[in-house]
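The values are calculated or read from the model by the stated rules, or taken from the named source; none is laboratory data. As the structure is a prediction and not an experimental result, all values here were calculated from the model. Cβ: placed from backbone, ideal geometry, glycine included. Neighbour counts: every protein chain shown. The protein model used for the area step is the full one, side chains on, heavy atoms only, and it has no ligands, DNA or RNA in it. Shrake-Rupley method; radii C 1.70, N 1.55, O 1.52, S 1.80 Å.
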Amino acid sequence: MASTMKMRAAAPARAFSARGARRSLVVKAAEKRIVIGLAADSGCGKSTFMRRVTGIFGGTPKPPAGGNPDSNTLISDMTTVICLDDYHSLDRKGRSAAGVTALDPKAQYFDLMYDQVKSLKEGKAVDKPIYNHVTGILDPAEKIDPANILVIEGLHPFYDERVRDLIDLKIYLDISDEIKFAWKIQRDMAERGHSLDSIKKSIESRKPDFDAYIDPQKKHADLIIQLQQNQSQYS
Ligand SMILES: Nc1ncnc2c1ncn2[C@@H]1O[C@H](COP(=O)(O)OP(=O)(O)O)[C@@H](O)[C@H]1O
Ligand SMILES: O=C(COP(=O)(O)O)[C@H](O)[C@H](O)COP(=O)(O)O
């Protein structure tokens with residue numbers, strides 16, 4: 001699928017220094033651990049993007065050794081990426097019973113998210129739950145050790161003010177509907193065992209919550225990466 005990628009710096013960031021056109025993330029000696037937040041809708045490529053970016057800091061990102069094969073965590077030399085879906089307070093059945101989508105803040109456990117991101121930033125290990133995307137249930141917790149660079153990727157990294165304030169660099173992936181739905185459909189069928197029909201229904205039912213809760217987080221981002229279908233292919 002032909003596409004166009006654009007990057008733009010958004011609101012000025014606390015942890016950034018801007019000299020002319022160059023912007024760099026300043027990690028002060030006293031602040032040994034930094035937190036990067038990556039927000040986007042489902043299927044926008046958050047995990048794919050972070051897998052590639054963290055490789056830059058050394059090592060091949062892998063799930064915690066000997067742990068749950070369905071862990072959403074990726075660990076490499078200097079970075080640990082955790083997926084905020086692990087802070088779903090309602091599992092798939094629970095959301096269905098309550099009539100809420102996974103994008104609804106009511107389905108997230110923000111107090112625990114805040115406590116654990118804060119602890120990791122302070123250098124303390126945590127026992128983090130695991131949301132299993134294959135079974136749709138919450139699996140037993142996994143131990144996460146602190147890392148030099150902690151990445152939190154998910155649907156709502158900038159929604160809760162307390163969590164947002166812990167993040168040193170906020171990135172939002174703004175992917176056009178055509179691209180994200182195509183990516184989501186093939187991923188959810190191949191890796192998560194969903195049928196085409198159920199994915200299409202889910203996409204439709206989630207649209208109002210995307211507009212209400214996910215897209216508005218863009219205003220907090222330091223960097224917005226846009227990917228749109230290339231109009232030129234139709235001309
Ligand atoms: N940059 C990319 N180019 C091509 N395909 C991609 C890209 N990023 C993601 N994808 C596809 O989209 C699917 C969903 O990506 P994923 O990283 O799992 O999204 P998210 O974590 O945001 O739900 C992946 O399985 C992959 O096939
Ligand atoms: O929106 C997402 C986030 O995951 P991702 O961004 O990786 O797609 C998932 O749909 C929810 O976690 C619910 O899970 P399920 O789809 O299992 O009900």
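Quick one: in the range 62-72, of everything that is more than 19 Å from the chain's Cα centre (by Cα) and among the small types (Gly, Ala, Ser), which residue is nearest to residue 130 (Cα to Cα)?
67
Does residue 229 count as over 13 Å from residue 36 (Cα atoms), open to solvent by less than 80 Å² (accessible area, probe 1.4 Å) and under 17 Å from the mean Cα position of the chain (by Cα)?
no
Checking residue 172 against (1) at pLDDT 95 or above; (2) within 14 Å of ligand 2 (Cβ to nearest atom); (3) in a helix (DSSP H, G or I); (4) not polar (S, T, N, Q), only one condition comes out false. Which one?
(3)
One residue is enough: does the range 219-226 have a residue meeting the conditions more than 10 Å from ligand 2 (Cβ to nearest atom) and assigned to a helix (DSSP H, G or I)?
Taking every residue of the range 219-226 in turn, at least one turns out to be more than 10 Å from ligand 2 (Cβ to nearest atom) and assigned to a helix (DSSP H, G or I).
Can you pull out every residue in the range 28-53 that is within 17 Å of residue 146 (Cα to Cα) and within 16 Å of ligand 2 (Cβ to nearest atom)?
Correct list: 37 only.
Looking at 75, 56, which is the one that is open to solvent by less than 80 Å² (accessible area, probe 1.4 Å), under 20 Å from the mean Cα position of the chain (by Cα), at pLDDT 80 or above and away from ligand 2 (no atom under 16 Å from the Cβ)?
Sole residue among the options that is open to solvent by less than 80 Å² (accessible area, probe 1.4 Å), under 20 Å from the mean Cα position of the chain (by Cα), at pLDDT 80 or above and away from ligand 2 (no atom under 16 Å from the Cβ): 75.
Of all residues in the range 183-203, how many are among the aliphatic types (A, V, I, L, M), near ligand 1 (Cβ under 8 Å from one of its atoms) and open to solvent by less than 40 Å² (accessible area, probe 1.4 Å)?
So the count comes out to 0.
Just the residues that are open to solvent by less than 70 Å² (accessible area, probe 1.4 Å), more than 24 Å from residue 54 (Cβ to Cβ) and assigned to a loop (DSSP other than H, G, I, E, B), please, taken from the range 127-148.
136, the sole residue that qualifies.
Somewhere in the range 206-213, is a residue more than 15 Å from ligand 2 (Cβ to nearest atom) and either more than 28 Å from residue 68 (Cα to Cα) or in a loop (DSSP other than H, G, I, E, B) (or both)?
no
Answer with yes or no whether residue 210 is surrounded by 15 or more Cβ atoms within 10 Å (Cβ to Cβ), within 28 Å of residue 55 (Cα to Cα), within 16 Å of ligand 1 (Cβ to nearest atom) and in contact (Cβ under 8 Å) with a residue 60 or more places away in the chain.
no
Tell me which of these residue 124 doesn't satisfy, since it passes every other one: (1) at pLDDT 95 or above; (2) in a helix (DSSP H, G or I).
(2)
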